[in-house]
Each structure stands twice: as C-alpha cells, then as structure tokens.
Amino acid sequence: MTNSLDHAAKWPSPIMNQADAADRFEELAKALKAAGLSDLSDVAFDTAATIDLADPELQKSWGGGFNGQEGRRALFLAVVEATKPTAILETGTFRGTTTEWMAERFSGPILTCEVQERYYLQSRKKLSRFPNVSVFLSDSRAFLREQLRTFERDKPVFIYLDAHWYDDLPLAEELEIIFDNLEKAVVMIDDYEVPFDPGYSYDYYGPDKALTLNLLKGAAKRDGKIFFPTLPAERETGARRGCCVVTSPGIADKLKISELQPVTLQDWRVTELKGELESTRVETARLYQELSRKASVLATAETAGLVEFELETGEYQVLSALSEQENAGEPSPLDADRLQMQTQFVRTALKNEIQRRKVLQEELLTMKAYMGIE
Ligand SMILES: C[S@@+](CC[C@H](N)C(=O)[O-])C[C@H]1O[C@@H](n2cnc3c(N)ncnc32)[C@H](O)[C@@H]1O
C-alpha cells in the first residue's frame, strides 16, 4: 500500500496531453496491482484504455493498419487471396490498428494477443464491433501454443508476428510453435530486414537480437520457405518497415505471386557477405588514407629532423635529470623522490617516442609496399 500512496503523491505535476494522462493511469494501475489492489488496478487500467481510445491521434499508430504501408496492405491481400486461410492470428495487438484493418477485409476468425493490459483492454473495446475478432491478454508464445493446438493441422492459417518490442524477443520460439502445430502456416513477420533492399527499416536490439537471417535458421531447418516483398522500399508508403513471409513447405507453392520473391538462406548469406566485403573495402580505403597521412607526417618530421630532435631532447632530459640526481650529493628524501620520478617520466617518454617512431616507420613501409614504391 505504501508504494501506491507514494506513487499517487507524485501526481500533481501537470498533465501534458491525453497520452500522458493515459500513461499516468497505467502507472497507477501497475502500482495498485503491485500493492495487491487488483479491483482498483482494473479500474485504472480501464481508464487508461478509455483515454487511449478517445484520442484519434493515438489510434492511428504509424499511419493506420500495417504501419500505413500501402504496399504491405496489397501484399497481405494478395497472400490471403492466394492461400485462403481459415483463420488469422496476430501477436502484439497494441492499439488494434492492424487488427481492425484486417477485420474490415477478412470475415473468418481473427485472434490477436497482447501482453500489456492497457492495450489489451482498449483493443477489446475498439474491436468489439467485429464478432469474428477475439482479443487475448497473453504472452504470444502461450497464446500460440494454446490456440494452435485447437486448429486442424492441415488447414491454412495466416499468422502476423508483431510482438517484438521488449528485451525478450519471442520470434524464434513463436516460429517453432507454429511449425510444430501447422502444416500450412503462412507467417508474415513485421519489422524484418529485407536483404536486398536497405530502404526498408527493421528491428535491431543487438547482434543476437536483430530481425535478420539468424532468426530464420530454425524455420529453414524444418524446410520452411522464405519470401520477401518485390516492391522496392522507395515505392512503399508509411513507415517503410521491412517484412518477411515464411511458410511451411506444404503451402509454399501457393505463394508464386508477383508481390513476393523467394529467397534461400544461402542467397541471403551471399548478400550479407557482399555487404561485409563492401564495408571492408570502404574501411581499407579509409585506413590507407590514414596511413598515407601518417606517412607524410613522418616524412616531414624526418626531413625537418624533428624525430631526432625529439629523441635528442628526450635523451638530454634523461641525462640532465640523472646528473641532477648525481650532483644532489646527499639529497633530502623529498628531492630523491622527485628526481626518481623525473627520471622515470623521461625514460617512459623516451620509450614511447621510440615505439611511436617504430610504428610510423612500419606504417610507412606498408604504405610504400602497397603503393609499389621502393
Ligand atoms: C509493434 S506493436 C504491435 C502493433 C500492431 N500489431 C499494429 O500493427 O498496430 C508490439 C506490441 O506487442 C506487444 N508485445 C510485446 N511482447 C509481447 C509478447 N511477448 N506477447 C504479446 N504481446 C507482446 C507490445 O506490448 C506491443 O503492444
């Protein structure tokens, strides 16, 4: 209870807009839940959801269904037309924007799941006008496991995977569950890298958490087929997020449509390697430029005898520091310490300078060898 009261005490700060008000009710709801007051928490979540729903700007979410992308919408319709799914499943409902768009065009059952209570509640209200839509409050993996085992294995099902937002990336597991349960799954994954078209953006949460090739290896091992949009990103509208379509082998043939191109993992790896090669080339050119700059600095320094001068200065400093030490006779402990430190400093400086010069000379040799200069 202390937590929730502390929390509420922060509230007098001004409320900026509707979204801010909804955020605060959501925070309050979470605090109430943590304090064990679940009835009150439900009311606060419901209020946050009601405020969300009343804000037309919030309801647009990235410009409407499928991130406001006309090309993606056409792709969805073409895939549905070609594969005739008996149902559609979506993971990650958020504000139900894409669910609503699909429900206006598909009359079969649509099941969607959301892990956040606020979004779940507002989507449930928003989508209540569609008798064929069911919204679930659930983690995507549990949702897929529970729902898919009730489906007939050999019937085509379209699944839109869009529940990747947080640290935990459920995608690989989601695909595994789908492949375990269905022989004719058609899966569209939002926010995916399109290997031949960098104009599409995709999710990158770190090297092992990017929506790229790696995540499809499991599906490929099970003979899954991979497709990408043929539409170039520059002709796409809206948020221009990339996507990937993965199917079970049993239905891949149906996807010979102009909106999609098939890609094997090998094709993709070759594209990746080409990209890596290109960036290595760019990096090599940059390094040679850097080397050539250093070489000319070294040449100038050598011409002007600067390196020798610096070395001599260093040696001189060492020698004078040493003789100062000798001349000091019976130095006081303070002087002796100072002289020792000074000597040490000069020695280090000298060593560094020699090392620096060695590196520069090696770089110069490499540079000359590269340029074919004797
Ligand atoms: C990108 S949004 C979905 C957008 C929505 N599909 C649309 O097109 O309008 C991602 C949603 O997935 C939800 N989410 C994240 N991880 C999840 C999980 N493991 N299970 C279910 N939902 C999840 C987030 O709370 C968020 O609402």
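The values are calculated or read from the model by the stated rules, or taken from the named source; none is laboratory data. The shown structure was predicted, so the numbers you read here are calculated from the model rather than taken from an experiment. Cβ placement follows ideal geometry from the backbone for every residue including glycine, while neighbour counts extend to all protein chains displayed.
Let me spell it out: the conditions are (1) touching a strand residue (DSSP E or B) at 6+ places or on another chain (Cβ under 7 Å); (2) under 21 Å from Arg222 (Cα atoms); (3) within 9 Å of the ligand (Cβ to nearest atom), and Pro170 meets all of them except one. Which number is the exception?
That leaves (1) as the condition not met.
Has the range 37-46 got at least one residue that is closer than 14 Å to Ser123 by Cβ, buried (at least 20 other Cβ atoms within 10 Å of the Cβ) and modelled with pLDDT of 90 or more?
yes
With the structure loaded, tell me whether Leu161 is at pLDDT 95 or above and more than 14 Å from the ligand (Cβ to nearest atom) or whether it fails that test.
Values: at pLDDT 95 or above: yes; more than 14 Å from the ligand (Cβ to nearest atom): no.
So Leu161 does not fit the description; no.
For (1) more than 10 Å from the ligand (Cβ to nearest atom); (2) touching a Ser or Thr at 6+ places or on another chain (Cβ under 9 Å); (3) in the same structural domain as Val245 (by TED's automatic domain parsing), each residue gets a yes or a no:
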{"residue": "Phe66", "(1), (2), (3)": "no, yes, yes"}
{"residue": "Glu70", "(1), (2), (3)": "yes, yes, yes"}
{"residue": "Lys84", "(1), (2), (3)": "yes, no, yes"}
{"residue": "Thr99", "(1), (2), (3)": "no, yes, yes"}
{"residue": "Lys126", "(1), (2), (3)": "yes, yes, yes"}
{"residue": "Val133", "(1), (2), (3)": "yes, yes, yes"}
{"residue": "Arg145", "(1), (2), (3)": "yes, no, yes"}
{"residue": "Asp154", "(1), (2), (3)": "yes, no, yes"}
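Restricting attention to the range 194-204, which residues are touching a residue at least 40 places away in the same chain (Cβ under 8 Å) and either in a strand (DSSP E or B) or away from the ligand (no atom under 15 Å from the Cβ) (or both)?
Val194, Pro195, Phe196, Asp197, Gly199, Tyr200, Ser201
Regarding the range 205-216, can at least one residue be identified that is within 16 Å of the ligand (Cβ to nearest atom), assigned to a strand (DSSP E or B) and loosely packed, with under 15 Cβ neighbours inside 10 Å?
No, because not a single residue in the range 205-216 is within 16 Å of the ligand (Cβ to nearest atom), assigned to a strand (DSSP E or B) and loosely packed, with under 15 Cβ neighbours inside 10 Å.
So that you can scan it fast, the table gives a plain yes or no per residue for (1) loosely packed, with under 12 Cβ neighbours inside 10 Å; (2) in the same structural domain as Arg153 (by TED's automatic domain parsing); (3) in contact with a strand residue (DSSP E or B) (Cβ under 8 Å, 6 or more places away or on another chain):
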site: Gly238; (1), (2), (3): no, yes, no
site: Gly242; (1), (2), (3): no, yes, yes
site: Val245; (1), (2), (3): no, yes, yes
site: Gly250; (1), (2), (3): no, yes, no
site: Lys256; (1), (2), (3): yes, yes, no
site: Glu259; (1), (2), (3): no, yes, yes
site: Glu278; (1), (2), (3): yes, no, no
site: Arg281; (1), (2), (3): yes, no, no
site: Leu291; (1), (2), (3): no, no, no
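Restricting the range 101-124 to residues that are buried (at least 20 other Cβ atoms within 10 Å of the Cβ) and acidic (Asp, Glu), which is nearest to the ligand (Cβ to nearest atom)?
So, considering only residues that are buried (at least 20 other Cβ atoms within 10 Å of the Cβ) and acidic (Asp, Glu), the one nearest to the ligand (Cβ to nearest atom) is Glu114.
For the range 47-67, give me each residue that is surrounded by fewer than 20 Cβ atoms within 10 Å (Cβ to Cβ) and either modelled with pLDDT of 95 or more or among the aliphatic types (A, V, I, L, M) (or both).
Those that are surrounded by fewer than 20 Cβ atoms within 10 Å (Cβ to Cβ) and either modelled with pLDDT of 95 or more or among the aliphatic types (A, V, I, L, M) (or both): Leu53, Ala54, Leu58.
If you scan the range 38-76, which residues turn out to be of a type in the set (Val, Ile, Thr) and in contact with a helix residue (DSSP H, G or I) (Cβ under 7 Å, 6 or more places away or on another chain)?
Result: Thr47, Ile51.
For Glu27, which of the numbered conditions (1) within 25 Å of Gln147 (Cβ to Cβ); (2) surrounded by fewer than 21 Cβ atoms within 10 Å (Cβ to Cβ); (3) without any contact (Cβ under 8 Å) to a residue 60 or more places away in the chain fails to hold?
(1)
With the condition kept exactly as written, say whether any residue in the range 181-193 is crowded, with 19+ Cβ neighbours inside 10 Å, assigned to a helix (DSSP H, G or I) and more than 10 Å from the ligand (Cβ to nearest atom).
No, every residue in the range 181-193 fails to be crowded, with 19+ Cβ neighbours inside 10 Å, assigned to a helix (DSSP H, G or I) and more than 10 Å from the ligand (Cβ to nearest atom).
Restricting to the range 152-173, and then to whatever is outside any loop (DSSP other than H, G, I, E, B) and over 23 Å from Ala78 (Cβ atoms), can you tell me which residue is farthest from the chain's Cα centre (by Cα)?
Glu173
Which condition number in (1) more than 16 Å from the ligand (Cβ to nearest atom); (2) without any contact (Cβ under 8 Å) to a residue 12 or more places away in the chain is the one that Gln18 fails?
(2)
Can you give me the ranges of the strands (runs of 3 or more DSSP E) entirely in the range 65-138 with at least 3 residues that are touching a residue at least 12 places away in the same chain (Cβ under 8 Å) and in contact with a Pro (Cβ under 9 Å, 6 or more places away or on another chain)?
Details: elements: 87-91, 110-114, 133-137.
Output list reads 87-91.
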